[in-house]
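Notes to accompany the following structure.
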Amino acid sequence: MSSEKKEPQGEDASSKTKSLSKLQRNKDEAAPEVEECFYASPIYDFLYPFRSPGSQWVTEYIIVVFLLIIKSAIGLGSYSGFQTPPMFGDFEAQRHWMEITQHLPVSQWYWFDLQYWGLDYPPFTAYHSYLLGKIGTFIYPPWFELDASRGMETDGIKSYMRFTVLLSECIFYIPAIVYFTKWVGRRKKQSPIGQFVAAAAILFQPTLMLIDHGHFQYNCVMLGLTVYAINNLLDGFYAMAAVCFVLSICFKQMALYYAPIFFAVLLSKSLFFPRLFNIPRFLSVAFATLASLFVMFAPLYIFGGVGNVLQSIHRIFPFARGIFEDKVANFWCVTNVFFKYKTMFTQSELQFYSLVATVVGFFPAFMIMIFYPKKFLIPYGLAACSMAFFLFSFQVHEKTILVPLLPATLLFTSTNWNNLSMVFWVNNVALFTLWPLLKKDGLWLQYCVCLVMYNWLLGNFSFITPRFLPKILTPGPSISNIAENYRRRSLLPHNIIWKIIILVSYLCMLMIHVLEYTIAAPSQYPDLWVQLNCTVGFGCFVLFWMWTYYKLITLRNKTIQEL
Amino acid sequence: MTVGEQLEESPEGLILKEELQPAPGGRRFSLWNFWICSLFLKLLLVPDYYSTDFDVHRNWLAITNALPLREWYYEKTSQWTLDYPPFFAYFEWVLSQFVPAAVRADGCLDIVPQGVFGALTVLFQRCTVIASEVLLFVVLQVYINTSPPAEKTQSFVVASSIVLSPMLLIVDHIHFQYNGFLFAILIASIVAARKRKFLLCAFFYSTALCFKHIFLYLAPCYFMFLLRTYVLQFEGFRFKSYKDLFRIIHWGRLFKLGGVVLGVAVVCFAPFARDMPQLLSRLFPFSRGLTHAYWAPNFWALYSLCDKVLTVALLKVPLFHRLILKVLSPKIFPASLDIIRQRLKKNANHGTKGLVEDVYFVVLPQITPATTFLLTLLYQVLAVLPLLFDASFKRFLGSLTLCGFASFLFGWHVHEKAIMLVIIPFSFLVVYDRRLLTSFKLVTTAGYVSLFPLLYKNDDYLIKTLYTYVWCVIYFFSLAKVIRLSSSVERRVFFLDRLGITYMCSLILLVSAVHLMNVMNWKYSVLEKYQFLTLMCYSFYCSFGILGSWLGLSWLFNFDEPLWQSLE
């Protein structure tokens, strides 16, 4: 037993000593790039004792279990539409869907009482609701009784619904992310602990946690399926990637924001790279896509005919609604202050303009991915493309920021300090733009805790490690060996201009929060603070979008080491 | 010499060995990050369920804030009368001084039969728990900092295991109590004992006692330890006449020690000097039953299990009854089956539906407070006696743990929360030898699992189970890595180890099965009728683990000499 411990085992140990010596060297030279970018963060500090090869299984346990604990703890708070009859909110919508899919034939799903949360997501959501509703009905039928259960808010239904989100996340999201970080980490020769820290950085993303487990939605399924699709692309299973992506779209149509990039990669991989006209691959991808689409919509057709399918599509794409509903940090909502689009143009004109703007926005990314379908470029391409959709397309919700945020967050697998800082920044901005929504849901405590926790865990607050406390309290890393560098690190890029931009944006956010807390908005502009929030968010998102394009262009000829 | 070099030289490879890089300041072994991280979780738990203990403490805040000191122990508008010693009352008074106006308006400081308050009061009181718990972190940080360099890693593991303990999370931050703060004072006395600062040790212990009298259970051990190490001196002692016995006692020290203890007691109780009988009747309510709200997983739980099994067996197989009667006299055993049936009928009227009630045994002899008291005392004396011959710190910890065990297992009206009195001293002890680990694992898993029924809501199910589970994974793993094998001969009973592991794994099954039963009980009328059954499952099953752990530790404590050879 002891001999095992004494002799470091083979490759892992040697690579570790290498990385450590490199780390040491970098510390001495104060070089800009270090192997473990998060090494001055508390999360690194927590995982540090478990970094030897024999104990890495513990690391995985710790991350995933603590993730579930934190998410259940967030779930203790209120949810969207809590105690606000008659319509309630997203929680009631999801519960209602479980209720109607339980008790109505498939032909009725997209037709039943559309005024009260009619089903308006694609069929996979309906099947998902059906399954969870079946389980729930088995446990306690009154939860999903037709009509009688409307607006139910008992403890039982709440904890069951919260549990279903956790369950969906455990199946669809967590394994996908862990696999992705391990795949990239192995290719980049990242140390195991670095891979785990990257996985934790992605999994603890506060925006998704608060929307799924606080506000209440099942975004994790859609996002997770997209990551499964990416993983399949990484491994070269193109047909499977297509299937996963179709499932993702069939869960929530927002996944269409990614569609151009998946289309570009699959097309270029089957027509141009690595050899011209790989017809079998092309056929298999095409067949897989069509077949999975067909399977998804088949029950609707079988039980309700073509009309049912058309109705579902009509429900999924509600073009009759305006260009934006609530305040959202995209182009149309922010510039609406100066140009009143709704009075200047008709609905169909607006639809056309937004379509043009969106296509112009994502087309360069599409072309780059056609010509350079490199695996490590996929997250950048997805981020650029979906951000274009978020900024310019029609009928965008504030929660939709999760879609561009996912590929951006996947870049936490990078080891480049500048990239990490940018990704981190956009995560903070995204959470900030959700503040009006979360405030409405009564989740202010969860918002504050998650925001601070995420920043602190990844080391953004290490610079304020207090010095004024008495020596016995010794704030700082608990056991990792980095006492000196610990204080100074916070996630900011090296470029001075970016540094200023980021700091100014953080200051603006802080100002807006403070102003909102202290001063009531003037009566003629009741939405002043929300509008300011959106404006700051929009500015930051545009800058980040530019940055993803810049990276796409500069990285197109590089290797995964530069990710 | 830095810590790193020390670690590398130690004979058994401790963790982190091969990567040690001499950092400029050395490792910090700081609990700072643990505090911040747990703070986030605790804040997220603010909107969670709280028990009636919340209203108890709110009522005490109100009483101490509004009433003059003399009336604190007489006030009985609410059923939650003040029944902690005066120091805790002062503590509540101090807290009540910080109540902001908004919280006061929320109903936090109203003396009413049933508290009426909103989210602000909850937030305020939860924050007082979090703030007072800082003391625990400070004390344990001192413990780490004062431990010798070679033991720092071990001390760090122990300290962090205590601050992150699921017990504190469940009982303090969800259920609502101030144990973190109270145990900080007890731990301070343990730290003082380790540094052999006996007056400080006595001071902290008596202070802790004046905060919460449950620590009285540990008194025999402290008494013997301080007597042996501080007051008695056997050096150069030769018996010539009885006068010499007088010289063993170091009178100066005795008076100093007495002064400290009495001083604390006087400061605590003097303002209530005229109301002592009332105060004592509040502190020691002997009218309560053998078991608390539901069965604590102790010896009496097993006793009543035996009673139930025997009852069924006797009624089903009358031959068995006749056989037993040949051996036992009818005085302690029911003479006929009719008597058993009569008693069963009588019990059915009382029921054991998890309420604070007296319990009547059907077959086995009834238990009186005197019996439990004598049994507790007997096992405490057995635990304390070795201290008279060998008063090392290790022995002290062992005896402290066993004192806690004795009171938990055999005491009258034991709370399931009292298992903390065992686990906390045991945490300090376990790092001295690998063989203690199995026993420690048993008592922590069984003890923590037995706390689960405190949080009966579905919301908390995942939090309590996952947190306990991950705590066990982390700390059983870390402890196994950090603890040395101190004795040269590795005498371990592997069969018992395996049995322990099986037991711990089966706890997972128990918890899931019981939860499933609770969720589905509307469906099956049998389950609905016997709701207390789930609680009984918990206490019976956990009591096996705790009893087993006690037996294991007692064996090692009394019969294993290499373990206790002191290093000093």
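Read-outs: derived from the displayed coordinates by stated rules, not from any lab. Every value quoted in this text rests on a predicted model; they were computed, and no experiment measured them. Glycine gets a Cβ as well: all are built from the backbone with ideal geometry, and neighbour counts include every protein chain shown.
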* From a point 7 Å beyond the Cα of A:V359 in the direction of its Cβ, which residues of segment A:295-335 have a backbone N at a distance under 18 Å? -> none
* Asked: If you take the charge dipole of the protein assembly as shown about its Cα centre, with +1 on Lys and Arg Cβ and -1 on Asp and Glu Cβ, which of A:L431, B:C542, A:I512 is farthest toward its positive end?
  -> B:C542
* For A:154-166, mean number of other protein chain Cβ atoms within 10 Å -> 2
* Asked: What's the local net charge at B:W80, with K and R +1, D and E -1, over the other residues with C-beta under 11 Å away?
  -> -2
* Structure fact -> Taking Lys and Arg as +1 and Asp and Glu as -1, residues besides A:I479 with C-beta under 10 Å from its C-beta add up to +2
* Asked: Placing +1 at every Lys and Arg Cβ and -1 at every Asp and Glu Cβ, with all other atoms neutral, what dipole size does segment A:421-563 have around its Cα centre, in debye to the nearest 20?
  -> 480 debye
* **Rounded, prolate or oblate (a/c below 1.5 giving rounded, otherwise prolate when a/b exceeds b/c) for segment A:84-206 by Cα gyration tensor** => prolate
* To do: Would you mind checking the pairs B:K42/B:K464; B:K308/B:K417; B:K195/B:K394; A:K188/A:K269 and listing those with alpha carbons more than 18 angstrom apart?
  => B:K308/B:K417; A:K188/A:K269
* Take the Cα atoms of chain B, build their convex hull, and give its volume per residue in Å³. => 204 Å³
* Taking a ≥ b ≥ c as the square roots of the eigenvalues of the Cα gyration tensor of chain A, is the shape rounded (a/c under 1.5), prolate (a/b larger than b/c) or oblate? -> rounded
* Structure fact -> The simple spin-label model distance between B:T371 and B:F532, using points 7 Å out along Cα→Cβ, in nm, is 1.8 nm
* Rounded if a/c is under 1.5, else prolate if a/b beats b/c, else oblate: with a ≥ b ≥ c from the C-alpha gyration tensor eigenvalues square-rooted, which is segment A:393-494? -> oblate
* Hey, what number do you get for the protein assembly as shown at 222 nm if only DSSP H runs of n ≥ 4 count, each worth -39500 (n - 2.57), divided across all residues, to the nearest 500? -> -20500 deg cm²/dmol
* Asked: In peptide B:34-40, what is the residue-averaged number of other protein chain Cβ atoms found within 10 Å of each Cβ?
  -> 5
* To do: Along Cα→Cβ, 7 Å out, is where each label goes; now give me the distance between the ones at B:S51 and B:L364 in nm to one decimal.
  => 2.4 nm
* List the residues of segment B:197-240 whose backbone N lies under 20 Å from a point placed 7 Å from the Cα of B:V94 along the Cα-to-Cβ direction. => B:200-215
* Search the structure for amide H atoms under 5 Å from the amide H of A:V396, placed 1.01 Å from N in the peptide plane, and list their residues when 5 or more places away or on another chain. => A:E325
* Find the relative contact order for chain A and round it to a whole percent, using C-alpha pairs within less than 8 Å whose residues are 6+ positions apart. => 19 percent
* **Dmax and Rg, reported as Rg then Dmax, of the protein assembly as shown (C-alpha, Å)** => 32.9, 115
* Asked: Label points 7 Å out from Cα along the Cβ direction at B:W251 and A:I472: separation in nm?
  -> 3.6 nm
* Structure fact -> Ranked from fewest to most other Cβ atoms within 10 Å of their own Cβ, A:H494, B:H173, B:H213 fall in the order A:H494, B:H213, B:H173
* Asked: Using +1 on the beta carbon of Lys and Arg, -1 on that of Asp and Glu, and nothing else charged, what's the dipole of the protein assembly as shown about the Cα centre, debye to 20?
  -> 1980 debye
* Give the order of A:C170, A:C244 when sorted by the count of other beta carbons within 10 angstrom, beginning with the fewest. => A:C170, A:C244
* Where in segment A:303-336 does the label zone of A:Q524 land, with the point 7 angstrom along Cα→C-beta and an amide N cut-off under 18 Å? -> none
* Asked: Dipole of chain A (Lys/Arg Cβ +1, Asp/Glu Cβ -1, origin at the Cα centre): which of A:H213, A:F66, A:I502 lies farthest to the positive side?
  -> A:I502
* Asked: Around B:N59, what is the net charge, scoring Lys/Arg as +1 and Asp/Glu as -1 over all other residues with Cβ under 15 Å from its Cβ?
  -> -4
* Asked: How much FRET efficiency would the formula 1/(1 + (r/R0)^6) give for B:K243 and B:A150, where r is the Cβ-Cβ distance and R0 is 56 Å, rounded to 0.05?
  -> 0.80
* To do: With only Lys, Arg, Asp and Glu charged, each at its Cβ (+1 for the first two, -1 for the last two), find how big the charge dipole of segment A:90-156 is about the Cα centre; round to the nearest 20 debye.
  => 240 debye
* Choose one of A:T559, A:M98, A:L492: the residue whose Cα lies farthest towards the positive end of the charge dipole of chain A (beta-carbon charges +1 Lys, Arg; -1 Asp, Glu; about the Cα centre). => A:T559
* Find the centroid of the Cα atoms in segment B:228-249 and in segment B:153-202, then give the distance between the two in whole Å. => 35 Å
